[in-house]
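Each remark here refers to the structure printed beneath this line.
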Amino acid sequence: MTGPVPKPAQVPTESPWTRRSLADLLSEHGLSGAAETPFPNDGWSGAALTALERDGRRFILKRTSWSMDWIARSTRDHALREAVLAAAPVPYDPPLASAHLGAAADGTAAAILMPDLSAWLLHWDQGDGSSRAIDEEALDRVLRAMAAVHLLPWDQLTSTVGLDWPWCPIRERVQLLTRRSAERYRAGGLWVGERFLNGWAAFDRSAPAGAADLVASLAVDPQPLLDALARLPATGLHGDLKLANVALLPTGTAAIIDWQMAAMAPIALELGWFLVANVAQLPDPPDRTLERYRDALTAGGGDAVAGDWDAQRDLAMIIGLLLRGWRKGLDAEAGVTLPTGATAADDLAWWCAAAVEAAARRL
């Protein structure tokens, strides 16, 4: 992506959510006339959330559109893919549960109705600004849910929806948080641009030259990485699998929110992001977490999805550093200690070495 992303001429007309009105969706769930109140959240994309209550039940309404959401613009999300998923008949069987009740058009925005899952989401913030590792049982539940997502019959599902499924493009996903993209965000007045640029400056001060060169090169031209990914089997991914997006429900199932970057890609893309986005909560080092995920995938019959596991692992290392090296630089300079006992500086050094070694094998 090199320059401003063009805006679509009109609201999408072929997406399932455009076929019904918000009034009809709310009526279906007994929410006609229910008052909406602000719902504070720490999302970065620009989507707006409100809460609705009726008869002791609490719901969340998420509105998103091309104009309000910078991630939608940056990932060419003309159809507003999370709303497509919310309106589609996705077969969420245990250990998965749906986080969506439906989606509808509200003017030019997509409105996504969800139950309020706040009580069961794995919040990273403990209330005092600190974070802590989740326990082993919770991690295994999350990893089983992740594997179940990757094993859903995505090909069958996309063929029944009646449109070209609006998967997040892989090129835009791997470049979403790079320095080059951050410069564009800042030029467009987005506060996240400065945040990412400060992080990349910290990364450059702390990272070995080889790792800095690798990240800089792929930020400009990710084609070698895209070619390596193309040699692996692809499946449906959540695309933004942070622990804060997972609700572990009392039923024993897990519901996952924020499907905005759902992609059809090798699992390396999901795994790289999962490892780096959740580093402040994972109780195990990266390779141990990967093995636990692999056990869950294998138990579900996912050997075909895994393909060349060593290649998946290598590309996950490269993707993780490319997407989150900026935050690792900030944490290293802040002297953060991770739940594993490693310092953020040691963690950064490990990721840099792993990514450089992986690139020598795969790119």
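Taken together, the values in this text are just the output of simple stated rules run on the coordinates, not laboratory data. Note that the structure is predicted; figures quoted are calculated from it, not measured. Cβ atoms come from the backbone with ideal geometry, glycine included; neighbour counts cover every protein chain shown.
Please report how far the C-alpha centroid of the range 43-89 lies from that of the range 211-288, rounded to the nearest whole angstrom.
20
Could you size up the charge dipole of the range 70-151 around its Cα centre, putting +1 on the beta carbon of Lys and Arg and -1 on that of Asp and Glu, and report it in debye to the nearest 20?
Details: 6 positive and 11 negative charges, 83 e Å.
Approximately 400 debye in magnitude.
Using all C-alpha to C-alpha distances in the range 293-363, build P(r) with 10 Å bins and read off the rounded percent in each one.
Histogram of Cα-Cα distances, whole percents per bin: 19, 37, 32, 12, 0.
According to a simple spin-label model (label point 7 Å from Cα along Cα-to-Cβ), what is the distance in nm between T337 and V220?
Each label point lies 7 Å from its Cα, and together they span 4.1 nm.
Show that you can apply the helix-only estimate: for the chain, add -39,500 (n - 2.57) for every DSSP H stretch of four or more residues, divide by all residues, and state [θ] at 222 nm to the nearest 500.
Value at 222 nm, helices only, nearest 500: -14000 deg cm²/dmol.
Can you tell me, using C-alpha contacts under 8 Å and at least 6 residues apart, the relative contact order of the range 230-287 as a whole percent?
Numbers: 65 pairs, mean separation 23.8, N = 58.
The normalised contact order for the range 230-287 reaches 41 percent.
Mind jotting down the three principal axis lengths of the chain based on Cα atoms? Whole angstrom, largest first.
58, 44, 44
Along the charge dipole of the chain, which of A254, P233, S67 sits closest to the positive end, that is, farthest toward it, with unit charges on the beta carbon of Lys, Arg, Asp and Glu (+1, +1, -1, -1)?
Checking the options against the dipole of the chain, the answer is S67.
Please compute the length gained on full extension between W120 and W350, using 0.36 nm multiplied by the number of residues separating them and subtracting their Cα-Cα distance.
Full extension of this stretch gives 79.5 nm more.
Please name which of L190, L31, A212 has its Cα lying farthest along the dipole of the chain towards the positive end, using unit charges on Cβ (Lys, Arg +1; Asp, Glu -1) and the Cα centre as origin.
So the residue furthest toward the plus end is L190.
Which shape class applies to the range 189-248: rounded if a/c is under 1.5, otherwise prolate when a/b exceeds b/c and oblate if not, where a ≥ b ≥ c are the square roots of the Cα gyration tensor eigenvalues?
Because a/c hits 1.5 or more and a/b fails to exceed b/c, the range 189-248 counts as oblate.
For Cα pairs less than 8 Å apart in space and 6+ apart in sequence, what is the mean separation divided by the residue count of the range 245-363, i.e. the relative contact order in percent? Please list the in-between numbers first.
Details: 108 pairs, mean separation 31.7, N = 119.
In percent, rounded to a whole number, it is 27.
How high is the relative contact order of the chain, in percent, with contacts defined as C-alpha pairs under 8 Å that are six or more residues apart?
Contact order relative to length: 18 percent.
Viscosity 1.306 mPa s, temperature 10 °C: give me the Stokes-Einstein translational D for the range 159-291 in µm²/s, with Rh taken as the Kirkwood radius over C-alpha pairs.
Here the translational diffusion coefficient equals 94 µm²/s.
If Lys and Arg each add +1 and Asp and Glu each add -1, what is the summed charge of the other residues whose beta carbon sits under 10 Å from the beta carbon of A47? Write out the running numbers ahead of the final one.
Numbers: positive: K62, R63; negative: D69, E82, D258.
Spelling it out: positives minus negatives among the neighbours equals -1.
Relative to the Cα centre, what is the charge dipole magnitude of the range 136-235, using +1 at the beta carbon of each Lys and Arg, -1 at the beta carbon of each Asp and Glu, and rounding to the nearest 20 debye?
On the way: 11 positive and 12 negative charges, 55 e Å.
Value, rounded to 20: 260 debye.
Pick from A111, A201, A255: which residue has the top mean-square fluctuation in a GNM of the chain where Cα pairs under 10 Å get a spring?
Ranking A111, A201, A255 by mean-square fluctuation puts A201 first.
What is the percent of Cα-Cα separations in the range 211-288 that go past 15 Å?
Roughly 67 percent, once rounded to a whole number.
Multiplying the sequence separation of A209 and A187 by 0.36 nm and subtracting their Cα-Cα distance, what value in nm do you get? The partial results should precede the final answer.
Numbers: separation 22, 0.36 × 22 = 7.92 nm, distance 2.75 nm.
Length gained between A209 and A187: 5.2 nm.
In Å and on Cα atoms, what radius of gyration and Dmax does the range 11-150 show?
16.3, 45
Assuming 0.36 nm per residue, please report the length gained on full extension of the stretch E194 to D55 beyond their Cα-Cα distance.
The span from E194 to D55 would gain 45.6 nm if fully extended.
Run through the DSSP bridge list for the chain and note the antiparallel percent, rounded to the nearest 5. Write out the running numbers ahead of the final one.
Details: 29 of 32 bridges.
Roughly 90 percent of the DSSP beta bridges within the chain come out antiparallel.
Dipole magnitude of the range 213-317 about its Cα centre, charges +1 at Lys/Arg Cβ and -1 at Asp/Glu Cβ only, in debye to the nearest 20?
300
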